[in-house]
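A short reminder: the numbers here are calculations on the coordinates, not readings from a lab. Quick caveat, the model's predicted, so the values are computed rather than measured. Please note: Cβ atoms are built from the backbone with ideal geometry, for glycine as well, and neighbour counts cover all protein chains shown.
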Amino acid sequence: MKFFKENSYDIVKLYIQQIGISIFSLFLYFAVEAIPLAEESKTGLAVGLSVFSMLFFYMLLYTAAWDMGAKDKIRIDGGRMELRKGKGAWMACIANLPNFVLALLSLIFISLNLWLSADALNVMFVIFNFLLRVTTAMYNGLMQGIFGGLLSSGESIYLLGQTVGFLIVPVVAILVTHFGYTMGVKEQRIMKLFRLNTKE
C-alpha cells in the first residue's frame, strides 16, 4: 500500500494509457467490421490492427516509463530518494492488476462452465470476459488470430485458449515498462544503444 501511495500518479497514468489505446483499438475494429470483406480477410486485418495497436501501446508505455525513471534519477542524484530495483516492473504489475483479475475470473468461469455446463457460470464468464476485452481491446485481434484454429474444437475451447492468452500478454507490458524505467534512470536512449552496437 505504501508503494502504491507513493507512486499512485504514475501507476494510474500507466493504466489510463491502456484504456486510451483500448478505446482507439475498438474504433479500429468497428471500422473493420463495417468494411464489406470476407470473414477471413477481416480476421487478417483485425490481427494486423491489433499488432499495430500493441506496438503503439508499448511505445507509449516505454516513453512514459523512461520519463518516470529520468525524474527519479534527479531525486536519486540529489540524495532525496534511494534507487529501488524493479520499480518499473512493480508499477506495471499494479497497473495491470485489473487485467490479471478479469482474465483470471474469466478463466475460472469458462473452465467451470466446460465442466458443469451451467447457465449462471456462462453468464458470469460473459460479464468478466466482456470487461476484459473492452479494457484490453488492443489484444483482441491477436488473440483471434492465434487461437482461431481452436474453433474446430468448439467455441468454449476457443474462448478458453483466448482467456489464457489474455493472462500472458500483460507480462510483455510489464517487461516494456521495466525496461523503459531502467533506461530512464540510466538516462540511456534505445537509439544510442543501437548506434553503439553498430560501431562495434
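For a quick protection proxy, order the peptides 38-45, 79-86, 125-132 by their average other-Cβ count within 10 Å, most packed first.
Output ranking for 38-45, 79-86, 125-132: 125-132, 38-45, 79-86.
Relative to the dominant Cα principal axis of the chain, helix 39-77 is inclined by about 20°.
Estimated at 0.36 nm per residue, the fully extended path between GLU187 and LEU151 surpasses their Cα-Cα distance by 8.2 nm. Relative contact order, whole percent, for the chain stands at 35, derived from Cα pairs under 8 Å and 6 or more residues apart.
Spread over its residues, the convex hull of the C-alpha atoms of the chain is 153 Å³ per residue. Projecting the Cα atoms of GLY154, THR43, VAL12 onto the charge dipole of the chain (Cβ charges, centred on the Cα centre) puts VAL12 farthest toward the positive pole. Comparing Cα centroids, the range 102-118 and the range 31-96 end up 29 angstrom apart.
With a Förster radius of 25 Å applied to the C-beta separation of ALA34 and VAL134, the computed FRET efficiency comes to 0.85.
Place a +1 charge on the Cβ of each Lys and Arg in the chain and a -1 charge on the Cβ of each Asp and Glu, then give the dipole magnitude about the Cα centre in debye, rounded to the nearest 20.
Taking the Cα centre of the chain as origin, the dipole is about 1060 debye.
Can you give the FRET efficiency to the nearest 0.05 for ILE168 and MET1, using r as the Cβ-Cβ distance and R₀ = 22 Å?
According to the calculation, E is roughly 0.20.
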